[in-house]
């Protein structure tokens with residue numbers, strides 16, 4: 001498994017308030033892989049996000065679906081703070097489709 005495999009798996013995870021996956025929103029900062037364990041550092045669009053626990057659970061389940069992953073751990077970090085510049089070009093296209101200003 002590679003970091004790209006992990007990112008591809010995380011593309012099924014969406015913030016329920018924003019119709020874009022967490023990768024294209026720029027919320028995933030790092031994915032470390034070691035002997036079947038994957039540790040992901042990611043952030044949220046705001047610190048008080050009411051769906052934090054659900055996003056963590058969804059992300060960990062998506063990662064566990066990657067062949068070879070035996071353990072998944074998601075940690076939320078707040079530095080650097082997320083901003084709209086972190087959204088990928090694909091994410092910006094999706095946001096514009098749904099009427100979000102980017």
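Here, each number is a calculation from the coordinates, and none is a lab measurement. All figures in this text were calculated on a predicted structure; none of them were measured in a lab. Note: ideal-geometry Cβ built from the backbone for every residue, glycine included; neighbour counts use all protein chains shown.
Please work out how much length the chain gains when fully extended from residue 1 to residue 53, using 0.36 nm per residue of separation minus the C-alpha to C-alpha distance, in nm with one decimal. Could the numbers behind the result be given before it?
On the way: separation 52, 0.36 × 52 = 18.72 nm, distance 2.56 nm.
In short, 16.2 nm is gained.
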Label zone at residue 17 (point 7 Å along Cα-to-Cβ), backbone N below 15 Å, the range 44-75 | 44-56
Expressed as an acute angle from 0 to 90° and rounded to the nearest 10, what is the orientation of the C-alpha long axis of helix 52-64 relative to the principal long axis of the chain?
-> 50
Added length on full extension, which subtracts the Cα-Cα distance from 0.36 nm per residue, residue 29 to residue 78 = 16.6 nm
